[in-house]
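The values are calculated or read from the model by the stated rules, or taken from the named source; none is laboratory data. All values derive from a computational prediction rather than experimental measurement. Note that we place each Cβ from the backbone using ideal geometry, even for glycine, and neighbour counts take in every protein chain shown. The area values use the complete protein model at the heavy-atom level, side chains included, leaving out ligands, DNA and RNA. Shrake-Rupley method; radii C 1.70, N 1.55, O 1.52, S 1.80 Å.
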Amino acid sequence: MAKADIDFEKELWDAANELRGAVSENNYKNYILPLVFVKHLSERYEVVREELKEQLNDPQSDYYTTDTEEINYVLEDRDEYRSRNTFKIPETASWQYLKDNAEQDDIKVKVDDAFDVIQELLTGYNPSW
């Protein structure tokens, strides 16, 4: 069996350490796991939003409409997302927003703010979360 030219474990570990920066190893998980969770929530939200758009544009769907106001209402309705086991994610808490602003000097603030928004969203839905 041929051995790869690079040691993937070492490369991954080095990349994780570089991303960690000044965050202590003990606190690293407090940033990485929530970021993974934000990415998951964002992706799930985008999938459901696209499904809703398709249904709103499909003449065979019960959701079908050409009324722009109704389309916007449905796409912004939190209950539409909850009924599909996801949450409507505000733009400033979305993965795409964080990705688009990753090079900004205040990215740590943006990430912390996104975590706060997600926390409020979840505890608003279920206070025990």
*Applying the selection to the stretch 72-99, what residues are part of a helix (DSSP H, G or I) and more than 18 Å from Tyr31 (Cα to Cα)?*
Asn72, Tyr73, Val74, Leu75, Glu76, Arg78, Asp79, Glu80, Tyr81, Arg82, Glu91
*Would you mind finding the one in Arg44, Arg78 that is in contact (Cβ under 8 Å) with a residue 40 or more places away in the chain and open to solvent by 50 Å² or more (accessible area, probe 1.4 Å)?*
Arg44
*Considering (1) under 15 Å from Val117 (Cα atoms); (2) without any contact (Cβ under 8 Å) to a residue 12 or more places away in the chain; (3) open to solvent by less than 90 Å² (accessible area, probe 1.4 Å), say which one Lys88 fails and leave the rest.*
(2)
*Among the residues listed as Lys108, Lys99, the single one being under 13 Å from the mean Cα position of the chain (by Cα), modelled with pLDDT under 95, open to solvent by 80 Å² or more (accessible area, probe 1.4 Å) and not hydrophobic (A, V, I, L, M, F, W, C)*: Lys99
*Test Lys10 against the criterion of being under 23 Å from the mean Cα position of the chain (by Cα) and either at pLDDT below 90 or open to solvent by less than 100 Å² (accessible area, probe 1.4 Å) (or both), and give yes or no.*
no
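Rundown of residues vs (1) touching a residue at least 12 places away in the same chain (Cβ under 8 Å); (2) outside any helix (DSSP H, G or I), yes/no style:
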site: Arg49; (1), (2): yes, no
site: Glu54; (1), (2): no, no
site: Asp62; (1), (2): no, yes
site: Gln104; (1), (2): no, yes
*Can we say Lys39 is surrounded by 14 or more Cβ atoms within 10 Å (Cβ to Cβ), charged (D, E, K, R) and not in a helix (DSSP H, G or I)?*
no
*Please indicate, with yes or no, whether at least one residue in the stretch 57-71 is open to solvent by less than 60 Å² (accessible area, probe 1.4 Å), hydroxyl-bearing (Ser, Thr, Tyr) and more than 17 Å from Ile118 (Cα to Cα).*
yes
*Which residue pairs have Cβ atoms under 8 Å apart, sit 6 or more places apart or on different chains, and have a first residue in the stretch 18-29 that is modelled with pLDDT under 70 and a second that is in a helix (DSSP H, G or I) and open to solvent by 100 Å² or more (accessible area, probe 1.4 Å)?*
none
